[in-house]
């Protein structure tokens, strides 16, 4: 049987929408104008005039100042800054890629590339009922597993909880993980996903982008995709980047264009163990899925 | 640097030809250490400091964590090769003291409340010492923290002022520092006009101190403008020369065909 036909459904992802950070568009555009309006901490931006203030600005009386290095965004309703750098601080509803660091009794500890560690309770990780007194939950997720999940709660001390009960949440099998500066993620995604979709199509890779600056890739041409992403990270504040990346990627061998059959497939994944077929990174073992993938 | 009995002011000018209020030539650049979250290298004349900033990041050992705010860890260190006499590597009492004083210069500036249980690590290394090393370090640290994305109320600008041969001066170099009657280090939030560090060695009258503070204030503002310019300049768009050239070629090709 042709190995291509036996590939799990997720291998070719074209046309399927992934959860995207909602501000990819505006932030992506603004990064291009960095040279015109960048401000340093302590620099005066505008008077408050009753507007809402974003996270990276502070007020003294009526005057509003920048807290971090970045590009000010001033609108009728809001004053905020798009930062040029900074660590990832968990925000509720963010889609992130985390790596399991500990298996507990009633849940897992997840590294989300932040000074703050996240917790995945077993009820939010697995759809079926699990008796934690009898079950070792490492059969669902074990140390080192990579997950695409959603932040479900953040307390004021930044204690964080994640959940797999979200559109597109899944365990990421095989592939590689890379880290970029979290503030560059909107630029990597591009307006309406234009940049990342171009990279995916031209390299034929499956790519998941977490708002926390972690990116997962799988595919034969992932080296080229990684190079493109690192270029965007380095030059995010220049213009003409989309064209430059398009030229960099050109046409690569072995890229499969989406077929009608692949796009139409919506059946749930059958439990499969690939025997004897060694994949580059590891044997892809597929346990029975813990949840029904939603129709995308 | 050895003490000297020679005059430090000759013919109305300092030994290096500077005016009394004049700063040494200053260079500043950011991203000196690529792997750090933020970094900067600053030189005042022959004094050279390089700073790396990491954070906010998880703080270990856990007993140092503060549940309501982050902490700042500032390490000032002189490289063994920074002076003509070898400096023994490792902690020294002077280094520990300057580390603490410099940390206190940044405590009121950084928004540490935004990052409970974390730490911002600042590593200041003096590569070459010719007087006023701690303020050079603070100037570089301020830029490095801004580049790392640590939220701050303002940048911090610092300079040294003092008295030599009865004359009040700014920006003491090595020989002036070692032979001064008074040596004052000042760090400020320039746009807020607030002082965050004030240290003095020596003896001054109250009037002299206030005069020196005014001199420091003026020079810190100058240094702030340089810090701001150095940071902004690094982010200025570089024209993508190759792309422009290619686009021009394509257009020319189209025109010749069409």
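Would you call residue A:204 more than 20 Å from residue B:58 (Cβ to Cβ), in contact (Cβ under 8 Å) with a residue 12 or more places away in the chain and not assigned by TED's automatic domain parsing to the domain that holds residue A:249? Criteria not met by residue A:204.
Restricting the first member to the stretch B:53-71 and to residues that are in contact (Cβ under 8 Å) with a residue 60 or more places away in the chain, and the second to residues that are in a helix (DSSP H, G or I), the beta-carbon pairs closer than 8 Å and six or more apart or on different chains are B:53/B:141; B:53/B:144; B:53/B:145; B:53/B:147; B:53/B:148; B:54/B:148; B:55/B:148. Being out of contact with any strand residue (DSSP E or B) (no Cβ under 7 Å at 6 or more places or on another chain) and either under 25 Å from residue B:224 (Cα atoms) or surrounded by 11 or more Cβ atoms within 10 Å (Cβ to Cβ) (or both) is true of residue B:34. Here residue B:84 fulfils each of the conditions (1) within 14 Å of chain A (Cβ to nearest Cβ); (2) out of contact with any strand residue (DSSP E or B) (no Cβ under 8 Å at 6 or more places or on another chain); (3) touching a residue at least 40 places away in the same chain (Cβ under 8 Å) apart from (1). From A:256, A:183, grab the single residue that is modelled with pLDDT under 90 and exposed (fewer than 15 other Cβ atoms within 10 Å of the Cβ). None of the other options fit; the residue is A:256. Within the stretch A:104-123, the set of residues being more than 14 Å from chain B (Cβ to nearest Cβ) and surrounded by fewer than 20 Cβ atoms within 10 Å (Cβ to Cβ) comprises A:104, A:105, A:106, A:119, A:121, A:122, A:123.
Please pick out the residue among A:219, A:204 that is over 14 Å from residue A:96 (Cβ atoms) and out of contact with any strand residue (DSSP E or B) (no Cβ under 8 Å at 6 or more places or on another chain). None of the others qualify; the one that does is A:204.
If you scan the stretch B:92-140, which residues turn out to be away from chain A (no Cβ under 14 Å), in a helix (DSSP H, G or I) and touching a residue at least 40 places away in the same chain (Cβ under 8 Å)? Selection gives B:101, B:102, B:104, B:105, B:133, B:134, B:135, B:136, B:137, B:138, B:140. None of A:156, A:150 is closer than 30 Å to residue B:114 by Cβ and touching a residue at least 12 places away in the same chain (Cβ under 8 Å) except A:150. Within the stretch B:223-239, take every residue that is in contact with a helix residue (DSSP H, G or I) (Cβ under 7 Å, 6 or more places away or on another chain) and part of a loop (DSSP other than H, G, I, E, B) and give me the one that is modelled with the lowest pLDDT. Residue satisfying both the conditions and the ranking: B:237. Of the numbered criteria (1) assigned to a loop (DSSP other than H, G, I, E, B); (2) closer than 29 Å to residue B:69 by Cβ; (3) away from chain B (no Cβ under 14 Å), the one residue A:157 fails is (3). When residue A:69 is tested against (1) surrounded by fewer than 22 Cβ atoms within 10 Å (Cβ to Cβ); (2) touching a residue at least 12 places away in the same chain (Cβ under 8 Å); (3) in contact with a helix residue (DSSP H, G or I) (Cβ under 7 Å, 6 or more places away or on another chain), only condition (1) is not met.
Out of the stretch B:4-25, which residues are in a loop (DSSP other than H, G, I, E, B) and more than 26 Å from the chain's Cα centre (by Cα)? Within the stretch B:4-25, B:4, B:5, B:6, B:7, B:11, B:12 meet the criteria.
Scanning the stretch A:206-236 for residues that are at pLDDT below 90, more than 16 Å from residue A:189 (Cβ to Cβ) and touching a helix residue (DSSP H, G or I) at 6+ places or on another chain (Cβ under 6 Å) turns up just one, A:221.
The values are calculated or read from the model by the stated rules, or taken from the named source; none is laboratory data. Predicted, not measured: the structure shown is a model, and the values here were computed from it. Cβ: placed from backbone, ideal geometry, glycine included. Neighbour counts: every protein chain shown.
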